[in-house]
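Notes to accompany the following structure.
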Amino acid sequence: MYSSKYLELLIEELVKLPSVGQKSAQRLALHLLRVPREDALRLAEAIRAVRERVGFCGTCGNFSEADPCALCSDPQRDGALVCVVEQPGDVLAFERTGTYRGRYHVLGGALSPLEGTSPEQLRIRELLERLRPPADGSPGVRELILATNPNVNGEATALYLSRLVAPLGVKVTRIARGVPMGSDLEYSDLVTLSRALEGRREVE
């Protein structure tokens with residue numbers, strides 16, 4: 001039991017965050033009480049703004065304030081090269097490498113029968129729409145890079161997509177094994193991700 005019901009409420013909300021336990025939540029709450037009022041209010045405003053102003057790009061599925069997002073609307077990026085990832089955090093990871101200049105497609109997860117994630121729950125239909133030849137005769141997507149996580153679910157998703165895309169005549173590649181099995185792309189270092197992209201191979 002805490003001395004303030006508001007402090008208790010804050011700790012209850014902080015515990016709901018990923019990887020934040022009771023003790024960590026308590027430390028964060030007490031820290032917010034100690035910092036200058038303006039700093040705490042800036043944090044509160046940032047949380048409010050991100051919930052109200054940040055949505056999803058209708059093209060790639062990444063977080064964005066605009067639709068299409070800056071990556072999809074950038075004329076300097078290669079629209080014929082599309083990198084498929086599981087989550088928006090993976091896009092940030094690849095962008096930090098500074099080596100990839102194509103576009104992205106965020107699935108919103110990976111296939112997982114045990115967790116009940118089916119193809120219908122991912123942005124696979126939207127991906128297939130992007131792979132159709134443009135009606136105006138302009139060049140379409142020439143290569144699809146499957147950059148799902150190198151774990152069981154990620155591999156299953158990559159295999160499913162490669163078989164689905166094969167009849168469309170688009171080259172399908174898989175990022176190289178520079179990324180360790182069982183890890184998440186979001187937490188991979190820049191050199192590992194760069195080498196994985198450079199060493200991608202065609203899916204047979």
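The values are calculated or read from the model by the stated rules, or taken from the named source; none is laboratory data. Here the structure is a predicted model, which is why all the values come from computation and not from measurement. Here the Cβ positions follow ideal geometry from the backbone for every residue, glycine too, while neighbour counts run over all protein chains shown.
Tabulated data for the structure shown
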| item | result |
| --- | --- |
| Long-range neighbours under 6 Å by Cβ, at least six apart or interchain, first residue closer than 27 Å to PRO139 by Cβ within the range 81-101, second charged (D, E, K, R) | LEU81/GLU143; VAL82/ARG103; ASP90/GLU186; ARG101/ARG77; ARG101/ASP78 |
| Subset of the range 125-137 [in contact (Cβ under 8 Å) with a residue 12 or more places away in the chain and more than 14 Å from ALA166 (Cα to Cα)] | GLU126, ARG130 |
| Lone unmet requirement of (1) touching a helix residue (DSSP H, G or I) at 6+ places or on another chain (Cβ under 9 Å); (2) surrounded by fewer than 17 Cβ atoms within 10 Å (Cβ to Cβ); (3) more than 20 Å from ASP184 (Cα to Cα) for GLU115 | (3) |
| ALA40 vs. criteria modelled with pLDDT under 95, touching a helix residue (DSSP H, G or I) at 6+ places or on another chain (Cβ under 6 Å) and among the small types (Gly, Ala, Ser) | no |
| Contacts under 6 angstrom Cβ, first residue in the range 59-79 being surrounded by 14 or more Cβ atoms within 10 Å (Cβ to Cβ), partner part of a helix (DSSP H, G or I), 6 or more apart | THR59/CYS72; CYS60/CYS72; ASN62/PRO88; ASN62/VAL91; PHE63/PRO88 |
| Qualifying positions in the range 84-109 - assigned to a strand (DSSP E or B) and under 11 Å from the mean Cα position of the chain (by Cα) | VAL84, VAL85, TYR104, HIS105, VAL106 |
| Scan of the range 170-191 for residues that are outside any loop (DSSP other than H, G, I, E, B), crowded, with 16+ Cβ neighbours inside 10 Å and either at pLDDT 85 or above or among the polar types (S, T, N, Q) (or both), ordered by number | VAL172, THR173, ARG174 |
| Qualifying residue in the range 45-68 (condition: of a type in the set (S, T, N, Q), more than 29 Å from LEU14 (Cβ to Cβ), assigned to a helix (DSSP H, G or I) and under 21 Å from the mean Cα position of the chain (by Cα)) | no |
| Top-ranked residue in the range 141-169 [being within 18 Å of CYS60 (Cα to Cα) and of a type in the set (A, V, I, L, M, F, W, C); ranked as surrounded by the most Cβ atoms within 10 Å (Cβ to Cβ)] | ALA147 |
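Yes or no, residue by residue, for (1) in contact with a Ser or Thr (Cβ under 7 Å, 6 or more places away or on another chain); (2) of a type in the set (Gly, Ala, Ser):
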position	(1), (2)
ALA29	no, yes
VAL35	no, no
GLU38	no, no
ARG42	no, no
ALA46	no, yes
ALA49	no, yes
GLY55	yes, yes
THR59	no, no
